[in-house]
Amino acid sequence: MYNLEIFKINYVVFGVIRFSSWIRIVYKITDFVLKGACFMCDIKKYADIYEEIKKLTNSDTLQLVLESEDEDMKDFYEVVGDFLFQLRQKKIVEENIF
């Protein structure tokens, strides 16, 4: 069905992200793309969304998780929160703050 070796590699790279959440997100994206729902997209629009998401604080992502309408949305916000945490962690390590 899916090549789990790819997921194992991603798990090592994104160690903080819970493996089960990551697999669910990857499955959903893969199914979406394979069904042909995404031929071309507005790159600028998604780049703007990415920049807005990067501005979220830890309390923002926690609120989004707690107030999610369904399990998929909750999983998405958990992955976003983990990603933002990793970005902040990386910045702190690079600046030798910690």
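The values are calculated or read from the model by the stated rules, or taken from the named source; none is laboratory data. Because the structure is predicted, anything quoted here is derived from the model rather than measured. Cβ coordinates were reconstructed from backbone atoms using ideal geometry, including for glycine residues, and neighbour counts include every protein chain displayed.
Scanning segment 45-98 for residues that are within 20 Å of Tyr27 (Cβ to Cβ), under 15 Å from the mean Cα position of the chain (by Cα) and surrounded by fewer than 10 Cβ atoms within 10 Å (Cβ to Cβ) returns a single hit, Glu71. Any residue at all in segment 24-37 that's at pLDDT below 75 and at positive phi? Checking segment 24-37: at least one residue is at pLDDT below 75 and at positive phi.
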